[in-house]
1. Rounded, prolate or oblate for region 134-218? Axes are the square roots of the Cα gyration tensor eigenvalues, ordered a ≥ b ≥ c, and the cut-off for rounded is a/c under 1.5.
2. Just to confirm the number: angle between the C-alpha axis of helix 22-34 and the first principal axis of the chain, 0 to 90 degrees, nearest 10?
3. Which FRET efficiency value, to the nearest 0.05, do you get for L215 and D7 by plugging their Cβ-Cβ distance into 1/(1 + (r/R0)^6) with R0 = 41 Å?
4. What's the magnitude of the charge dipole for region 13-130 around its Cα centre, counting Lys and Arg as +1 and Asp and Glu as -1 at the beta-carbon? Answer in Debye, nearest 20.
5. Could you tell me whether region 62-148 comes out rounded, prolate or oblate from its Cα gyration tensor? Rule is a ≥ b ≥ c as square roots of the eigenvalues, rounded for a/c under 1.5, then prolate if a/b exceeds b/c, otherwise oblate.
6. Label region 1-140 by shape, choosing from rounded, prolate and oblate, from the square roots a ≥ b ≥ c of the eigenvalues of the Cα gyration tensor; if a/c is under 1.5 it is rounded, and otherwise prolate applies when a/b is larger than b/c, oblate when it is not.
7. Sum -39500 (n - 2.57) across every DSSP H segment of at least 4 residues in the chain, then divide by the residue count to get the 222 nm mean residue ellipticity, nearest 500.
8. Can you give me the angle between helix 54-65 and the longest principal axis of the chain, using Cα atoms only, in degrees from 0 to 90, rounded to the nearest 10?
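Coordinate-derived values only; no laboratory data. Model, not experiment: these values are computed from the prediction. Cβ sites come from the backbone with ideal geometry, for glycine too, and all protein chains shown count toward neighbours.
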Amino acid sequence: MTMTYQDEDVRRALRALADERASVRLKAALAVGTTPDARFVEPLVERCAVEPEFFVRDMLTWALTRHPETLTLPRVLAELRSERPRARSQALHTLSKIGDRQAWPAITHAHLTDTDDEVARTAWRAAALLVPDGEEPALAAVLVTQLGRGERATQLSLSRALTGLGDVVLPALDTVAGHPDPRVRAHALATRRILTDPDTGFEYAIEEAKRAVALDGAPGRDTGAC
């Protein structure tokens, strides 16, 4: 038997979603997702944009995926244009969980190159999951422009997105083989290594790539030297 929310039930749930205690917000998101109701879609999306706790945001996303796509998809897509980085990031994450490739055109070059690392990382993951057949090379061409960016977690996210596309990324990786920035060259080499040998860990691959790049630029490595 499907539960029907009364107006007071809805108001109580909305208060709980905004409670100062993360545990209360988590339980509220779980309850809303367990028993979906169209009246919760807008509040869930709005809460995603401001929720500070990762595990609560993840539950909010799960609750959204429990609602009909006809209701959630248009509202989540609208968040991609938000000025708030967290709103854009969580919207991209939610799209990856919904998994509807109709959302692909909404993931833009601006998202893939967003100055906020979390937004960019989420965009890379979502794009790699939602990219239509045949569009992988074009996506790879954009993603390789981000090689060398950020700290290890960011670089790992990018490598995972690229390797998830398969061998079609190899030509794009080749375009940065001679990049003047050693961080970019090392990241490209590490990504290629993981692609050809998936059992290689990222930390090992990146350290090996950094050594290779350093040796390549060391004095005496110029094959035209006397």
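1. Values: a/c = 1.64, a/b = 1.34, b/c = 1.22.
Prolate.
2. Between helix and principal axis, roughly 80 degrees.
3. Numbers: r = 70 Å, r/R0 = 1.70.
E between L215 and D7, to the nearest 0.05, is 0.05.
4. Details: 17 positive and 16 negative charges, 45 e Å.
Its charge dipole is roughly 220 debye.
5. Values: a/c = 2.21, a/b = 1.37, b/c = 1.62.
Judged from the Cα gyration tensor, region 62-148 comes out oblate (a/c at least 1.5, b/c at or above a/b).
6. Values: a/c = 2.62, a/b = 1.75, b/c = 1.50.
The shape class here is prolate.
7. Details: 13 runs with 143 residues, N = 226.
Calculated at 222 nm, the ellipticity per residue is -19000 deg cm²/dmol.
8. Between the helix axis and the principal axis of the chain, the angle is about 70 degrees.
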